[in-house]
Amino acid sequence: DFIRVNSIYGFQNEQPHPHYIFCQQWAVLARTWWIYDANQQCPFRSAYRLTAYLQGLHKPVYHRYGDVGDHVVVFNTRHIAMRGEFWRTYKHFHHTRYAGGFSRASAYRVHEEDPTRVLERACHNRLSGLDNRRTLMKRLHLFPDEEIPAEILENVSGQIQQVQVVPKKLEDYSQEVIDSFPRLFKMPEDYDIESYKRENKLEPDQHTSKAWRLK
Amino acid sequence: MVFLTLALLRVGKNKMTPYSMREWKRVMQRRLSWHFRNRKRNCYRLSLCPVKKSLRFSTTVRPIRRRNINHLFTNRIAAGCAQHGVQYSSFMRALYESNILLNKKMLAQLSIYEPRSFQSLCEFAKKRHSELVQKGLAVALEPLPSGIITRDMIKKSV
C-alpha cells in the first residue's frame, strides 16, 4: 500500500516527486509512546528533553505543522528535585481575569496542592510560541507516583534517558558498608555531635520571624 | 499571475469593470487567496487587503524563508545524527574537515530517504573522532626530546 506523501517542507504548491511516494515507511509516521522517570530530576532540564519528543524534534521528518510528535508518560513527578532555593523562590502566577484576581505561589506550595503542576508548567513554558501547544500538552501524561493506568502502560514502547544521575543516599548503603568504611579521625568524647539536629539550627532563612518559618 | 489575453489584463488592472466581467476579478483573487484562513478565503472584499499584503510579503520575506528552511534542515540533521549517537556539531565539523561537500539540504534529504547512507556518514564521523583521539594520545605518550624537564619528572624523582 502506498500513500501519497504530499509535501515534507510544508511549502505551498510543491508537487511531490514520484519517488517520494514509493519509499514511505509505516513506522516513520507512527506515534510512539515514551516513558520517563522523574525521580530526583530537575523539572526544567527534563522539560528540555520531554518537549523535544512531544514536538517530534527527535525525528528526521520533523516539521512544525507536520504533527509528528509522540506521547510522553512521566511518573514520579512528586519526587522531583529543584536546585538551590528554587522551591521557595520560584513563583507560579495565576490571574482569574477578574479584578483583584492575581495570585502567586511558591513552587513548594503548588507542589503540595498538585504534585504534577510544577513539571507541567515547565513543559508548557518551554513550548511557548507554538500554535499547537495545547495539543502537545494533551499528549503529555503526568503521574505523581509509580501507579500508571494499564491502558497507558500498554502503549509504551520506549524510555527517555534521565537527565541527572540519581545519587545514592546514606540510607541506601547497608550498615555493614558504613561500619567497614575507614575512619579518618575520632571525635573527642565530650564533643556534642547531635547539636545540629536541634530546633532552629536547620532553618536557612534567618530573616523570617519564627512564626512563618517552615517546621 | 498569467494573463492569457489582453482583455483579462485590462480587467485585472482596471477597478471599474462592467458587471458582466465582475467574476473575472474574483477568480483572479481566489487564485491568490485559496490557502488563507477564514472568510478572507472566499469573500472578495475581505480578501482585498490580505492579498495585497501577501504579495508584499512574498518579496520581503525571502531572507526569512531561507533562514527558516536552514533551521529546519539543521533540526532534521540533528535528529538523524542523534539516532546514531553523534552530535550535530561534531558531525558537521567532521564532514567539513574531511572535505565532504554535502550541503544541509542534501544531508536532510539523506537522513529521511537514505537512512543507511546517513548511517555510514555518522560511522565515518565517529571513526574520524576516534582516530584523532588516538593521534592525540600518541603525541602525549611520545618520549620527550632531551633537554626538556617537566613537572612530572621532578615529582616522580621525589
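The values are calculated or read from the model by the stated rules, or taken from the named source; none is laboratory data. Keep in mind it's a predicted model, so treat the numbers as computed, not measured. With ideal geometry, Cβ positions are generated from the backbone for all residues, glycine too; neighbour counts draw on all protein chains shown.
Some observations on this one:
- The lone exception for A:GLY129 - which of (1) surrounded by 11 or more Cβ atoms within 10 Å (Cβ to Cβ); (2) farther than 15 Å from A:TYR53 by Cβ it fails: (1)
- Selection count where residues are within 22 Å of B:ASN103 (Cβ to Cβ) and polar (S, T, N, Q), scope region B:42-69: 1
- Test: residue in region B:48-67 that is within 11 Å of chain A (Cβ to nearest Cβ), in a helix (DSSP H, G or I) and under 30 Å from B:LEU121 (Cα atoms): yes
- Residues satisfying the stated conditions in region B:118-158, i.e. acidic (Asp, Glu) and modelled with pLDDT of 80 or more: B:GLU123, B:GLU131, B:GLU142
- Unique match (being modelled with pLDDT of 95 or more, farther than 22 Å from A:PHE44 by Cβ and within 17 Å of the chain's Cα centre (by Cα)) among A:GLU112, A:GLU154, A:GLU120, A:GLU146: A:GLU146
- Any hit, region B:100-107, residues being surrounded by 12 or more Cβ atoms within 10 Å (Cβ to Cβ) and either of a type in the set (Val, Ile, Thr) or touching a Pro at 6+ places or on another chain (Cβ under 8 Å) (or both): yes
- Residue list for region A:99-116, restricted to those being assigned to a loop (DSSP other than H, G, I, E, B) and among the small types (Gly, Ala, Ser): A:ALA99, A:GLY100, A:GLY101
- Cβ-Cβ contacts under 9 Å between residues 6 or more apart (or on different chains), taken from a first residue in region B:108-124 that is at the interface with another protein chain (Cβ under 8 Å from one of its Cβ atoms) and under 12 Å from B:VAL86 (Cα atoms) to a second residue that is among the hydroxyl-bearing types (Ser, Thr, Tyr) and surrounded by fewer than 16 Cβ atoms within 10 Å (Cβ to Cβ), are absent.
- Residue selected from region A:75-89 under the condition surrounded by 15 or more Cβ atoms within 10 Å (Cβ to Cβ) and over 20 Å from A:LEU140 (Cβ atoms), by the criterion nearest to the other protein chains (Cβ to nearest Cβ): A:PHE86
- One residue stands out in region A:26-74 among those that are in a loop (DSSP other than H, G, I, E, B) and more than 14 Å from chain B (Cβ to nearest Cβ): the one that is nearest to B:ASN75 (Cα to Cα), namely A:ASP67.
- The test for being away from chain A (no Cβ under 14 Å) and under 30 Å from A:TRP26 (Cβ atoms) does not hold for B:ALA94.
- Residue check, A:ASP67 at pLDDT 95 or above and either within 22 Å of A:ARG49 (Cβ to Cβ) or within 16 Å of the chain's Cα centre (by Cα) (or both): no
- Residue count for region B:36-66, restricted to those that are loosely packed, with under 11 Cβ neighbours inside 10 Å and under 27 Å from B:ALA108 (Cα atoms): 6.
- Consider region A:83-98 and keep the residues that are at pLDDT 95 or above and assigned to a loop (DSSP other than H, G, I, E, B). The one that is nearest to the chain's Cα centre (by Cα) is A:TYR90.
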